[in-house]
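The values are calculated or read from the model by the stated rules, or taken from the named source; none is laboratory data. This one's a predicted model, so the numbers in the text were calculated from it and none came from an experiment. Cβ placement follows ideal geometry from the backbone for every residue including glycine, while neighbour counts extend to all protein chains displayed.
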Amino acid sequence: MVLPSVAALAVFVYGFAGWTGYVSLTRWNDVLPDYTWAGLRAYADLFESFRFRIDLLNTARFTVVFLAGCVGIGFALAVLLDRGLKGESFFRTIFLAPLAISFIVTGVVWRWLLNPGSAQLGSVGINLLLDRAHLGVLKTGWYTDPRIGILAVAVAAIWQMSGYTMALYLAGLRSIPDELREAARVDGAGEWQMYRRVLIPILQPVTLSAVIILGHISLKIFDLVVAMTGSGPGFSSDVPAYFMFDTTFRGNHFAQGAAIAEILLVLVALLTVPYLVASTRTEVER
Amino acid sequence: MNGTILRRALAAGILAAALGVSWPGVSNAALSGKLEIFSWWTAGGEADALKTLFDAYHKEYPAVQIVNATVAGGAGTNAKAVLKTRMLGGDPPDSFQVHAGHELIDTWVRTGFMAPLTSLFKSQGWVKVMPRGLLAILSYRGDIWSVPVNIHRANILWYNRKIFADAHLVPPATFDAFFKDADALKAKGVVPLVLGDKEGWEAGHAFETVLIGTLGADGYRGLWTGKTAWAGPKVTAALETFKKMLAYANTDHAALTWDGAGEYLTGGLGAMMIMGDWANGWFTSKNFADYGWEPAPGNADVYDALSDSFGLPKRARDKANVVAWLRVLGSREGQEAFNLLKGSICARTDCVPKLFSPYQQWTMKHWKTDAIVPSVIHGAAASEGWATEYKDAIALFVTSRDTAATQKSLQKACVNAGVCQ
């Protein structure tokens, strides 16, 4: 029974990943395939390309902000719910709801919310809210400001994924036996110390899972960027996946597109493979 | 609204007249089966215009079932991605919308996916009624490869007439006049240059007209054939001019699409906008009449053209059906009916001007006399790969304003395309 799925996996995942790797080493820069060997030329060109350099930097900025935001907000929400907040199930549903929405919808909604408006035509969205609250000084151009760019996309992504992180942490917190907390209290630990010395260390595997799951989302992010900002001013919200689509299907640079795909694959592998190896090992030990 | 109804009635009338005359060649009864037409015309006047062509075809060849395969969005980007998958997978649509010029030639003709249409052009007399500059754009190795259904002009400066009248200014014909006007308008608190470059191509579009204005028609054409040096001082000058122009643009340009930015102009807050003549139809749809037009600065007597065209894929399932379709597209009646609704002009020079709007009549006159040059951002001048790299370099220039680095990127794009050394 396992064999068909293994065969399908071998062809459609590993086969195509390998094929893409092969294409990235050719001169295929036209509609018609050209399998002339070009070595690492596509990669060399890529790292010289201004757009790809900006993209890598954007990915780094996005990943850091997105991970910190999701883990921070998700953990805070989980703690609040865990402490017996009134109407817990109601809030739990509210916090989790964004996860049920596709990135395309999130992108469109946040594009409207973070639209800066203009001096002549007036403020809209969040900027209008800031105006009404007499916080006009905080108004910015959001994703239209090249200094912010991808970080505005990160805000939307955090909105969508922090509820999911909350669910992970909440499950973790609920699985910690009460005896541990009581023991900590008996030993004279305050609330703060209990979280710092007992609960957070116990939740470390949860944090690791969250970082892995969110990290690979942030490396592959595409739909949210397409729906929300596109490349942005001066490519300030461009990401490698979007460049890959653009250069392959608009520019016909198939080798270059394949090279970007391979680089993304390596980055995701660097993040996930150690985790997978470690988790398999623990399962075997059990 | 009334204008639209009138135009539709007019379009229907033309086609009714056309139906009396049978298209020469294939007998009507012989055609049956299917005809799948692939395009990204899904909205407004474009979809209506496509439908008139379908109606005309259907009346002529009632036994043929027309399949309208459209892919919406992204100014054709999404459609082009789908088209590539189908062409490479050996399942081409019977005929598909493609920008005439290098987008067609480099992507599909050079690679052997298309059948030549030279004999059709000759038998229908199109070689005589279409301008030579256009035929040159359609040709590759002595053959003609697609039937242009319309012509748009990219290098137009649209302006708010009331603002110019109030400021006692005339629309600028040169860059010097542009900057003088812009200073005067800025002093009055008006946005001198309206720009919306959210989708990435709009800045490249405006810069293309600056290149034409700086290098002239021949110099500009030479950029795409390797005769004009990208690294030369004139391209530097064009970049410097464009940089100076950008300083007069609305500050929120990155948040707006071209039509979003156009609200500045219709709202009396912005004075000038460099955009293709699809803006004409947009102004009309906004019930805004107080606009005028001139060639972009330095672009007098140069017609920066782009054209939607349809071709014949080698592997089309029923070639007779496709040839009949192309014949409808190339006929005077077909072109008049289509362009009335689309807002562009006929590729043929013998369409009746009085059917069309004042802007269209003006541009039809220029279509016959101006030097015709191909638009790069709209697929006519360079391969898709080159055009994409050009677009990226200028999109970055808008924020970086780094002349030297941008010129280097432009030069490199030319080298990558195999045209420059």
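One table, with the values for the structure above:
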read-out: Residue match in the stretch B:60-70 (condition: assigned to a helix (DSSP H, G or I) and either modelled with pLDDT of 90 or more or away from chain A (no Cβ under 14 Å) (or both)); value: yes
read-out: Helices (runs of 4 or more DSSP H) contained in the stretch A:1-80 and holding at least 2 residues under 30 Å from A:Val206 (Cα atoms); value: A:2-9
read-out: Selection status of A:Val225, closer than 25 Å to A:Asp82 by Cβ and either under 18 Å from the mean Cα position of the chain (by Cα) or buried (at least 20 other Cβ atoms within 10 Å of the Cβ) (or both); value: no
read-out: Any pair with Cβ under 6 angstrom, 6 or more apart, that starts in the stretch B:110-121 at a residue that is outside any helix (DSSP H, G or I) and ends at one that is aliphatic (A, V, I, L, M) and at pLDDT below 95; value: B:Thr111/A:Val31; B:Thr111/A:Leu32; B:Phe113/B:Met87
read-out: Failed item in (1) surrounded by 22 or more Cβ atoms within 10 Å (Cβ to Cβ); (2) out of contact with any strand residue (DSSP E or B) (no Cβ under 7 Å at 6 or more places or on another chain); (3) away from chain A (no Cβ under 14 Å), with B:Tyr57 passing the rest; value: (2)
read-out: Answer from B:Thr388, B:Thr363 - the residue that is without any contact (Cβ under 8 Å) to a residue 12 or more places away in the chain, of a type in the set (Ser, Thr, Tyr) and not in a loop (DSSP other than H, G, I, E, B); value: B:Thr388
read-out: Leading residue by the ranking (surrounded by the fewest Cβ atoms within 10 Å (Cβ to Cβ)) among those in the stretch B:378-409 that are of a type outside the set (Ser, Thr, Tyr) and away from every other protein chain (no Cβ under 12 Å); value: B:Ala404
read-out: Condition met for A:Ala269 (surrounded by 21 or more Cβ atoms within 10 Å (Cβ to Cβ) and more than 14 Å from every other protein chain (Cβ to nearest Cβ)); value: no
read-out: Test set (1) at pLDDT 95 or above; (2) within 30 Å of B:Asn250 (Cα to Cα) - A:Ala68 fails condition number; value: (2)
read-out: Residue count, the stretch B:273-309 (criterion: surrounded by fewer than 19 Cβ atoms within 10 Å (Cβ to Cβ) and polar (S, T, N, Q)); value: 3
read-out: Selection from the stretch B:268-302 of residues that are part of a loop (DSSP other than H, G, I, E, B) and among the aliphatic types (A, V, I, L, M); value: B:Leu269, B:Ala289, B:Ala296, B:Ala300
read-out: Whichever residue in the stretch B:242-272 is more than 24 Å from the chain's Cα centre (by Cα) and away from chain A (no Cβ under 13 Å) and, among such residues, is surrounded by the fewest Cβ atoms within 10 Å (Cβ to Cβ); value: B:Ala247
read-out: Residue in the stretch A:175-187 that is in a helix (DSSP H, G or I), surrounded by 14 or more Cβ atoms within 10 Å (Cβ to Cβ), of a type in the set (Gly, Ala, Ser) and more than 14 Å from chain B (Cβ to nearest Cβ) present; value: yes
read-out: Every residue from the stretch A:72-114 that is without any contact (Cβ under 8 Å) to a residue 60 or more places away in the chain, farther than 27 Å from A:Leu130 by Cα and either touching a helix residue (DSSP H, G or I) at 6+ places or on another chain (Cβ under 7 Å) or buried (at least 20 other Cβ atoms within 10 Å of the Cβ) (or both); value: A:Leu85, A:Glu88
read-out: Residue among A:Gly136, A:Gly117 that alone is within 14 Å of chain B (Cβ to nearest Cβ), free of Cβ contacts under 8 Å to residues at least 12 places away in the same chain and not aromatic (Phe, Trp, Tyr); value: A:Gly117
read-out: Test: residue in the stretch B:105-118 that is among the hydroxyl-bearing types (Ser, Thr, Tyr), modelled with pLDDT of 90 or more, within 30 Å of B:Phe356 (Cβ to Cβ) and surrounded by fewer than 18 Cβ atoms within 10 Å (Cβ to Cβ); value: yes
read-out: Which listed residue, of A:Val211, A:Val153, A:Val198, is in a helix (DSSP H, G or I), among the hydrophobic types (A, V, I, L, M, F, W, C) and closer than 30 Å to B:Gly385 by Cβ; value: A:Val153
read-out: Members of the stretch B:163-197 that are over 28 Å from the mean Cα position of the chain (by Cα), loosely packed, with under 15 Cβ neighbours inside 10 Å and either within 14 Å of chain A (Cβ to nearest Cβ) or not small (Gly, Ala, Ser) (or both); value: B:Asp166, B:His168, B:Lys180, B:Asp183, B:Lys188, B:Gly189
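Residues are listed down the side, and each one gets a yes or a no for (1) more than 14 Å from chain B (Cβ to nearest Cβ); (2) surrounded by fewer than 20 Cβ atoms within 10 Å (Cβ to Cβ):
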site: A:Tyr195; (1), (2): yes, yes
site: A:Leu208; (1), (2): yes, yes
site: A:Ser231; (1), (2): no, no
site: A:Phe245; (1), (2): no, yes
site: A:Gly251; (1), (2): no, no
site: A:Arg281; (1), (2): yes, yes
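Per-residue answers, yes or no, for (1) touching a Cys at 6+ places or on another chain (Cβ under 7 Å); (2) basic (Lys, Arg); (3) more than 23 Å from B:Ala417 (Cα to Cα):
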position: B:Trp325; (1), (2), (3): no, no, yes
position: B:Arg348; (1), (2), (3): no, yes, yes
position: B:Pro353; (1), (2), (3): no, no, yes
position: B:Gln361; (1), (2), (3): no, no, yes
position: B:Val376; (1), (2), (3): no, no, no
position: B:Phe397; (1), (2), (3): no, no, no
position: B:Ser400; (1), (2), (3): no, no, yes
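Yes/no matrix, rows are residues, columns are (1) away from chain B (no Cβ under 14 Å); (2) modelled with pLDDT of 90 or more; (3) part of a helix (DSSP H, G or I); (4) at positive phi:
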{"site": "A:Asp238", "(1), (2), (3), (4)": "no, yes, no, no"}
{"site": "A:Tyr242", "(1), (2), (3), (4)": "no, yes, yes, no"}
{"site": "A:Glu262", "(1), (2), (3), (4)": "yes, yes, yes, no"}
{"site": "A:Pro274", "(1), (2), (3), (4)": "yes, no, yes, no"}
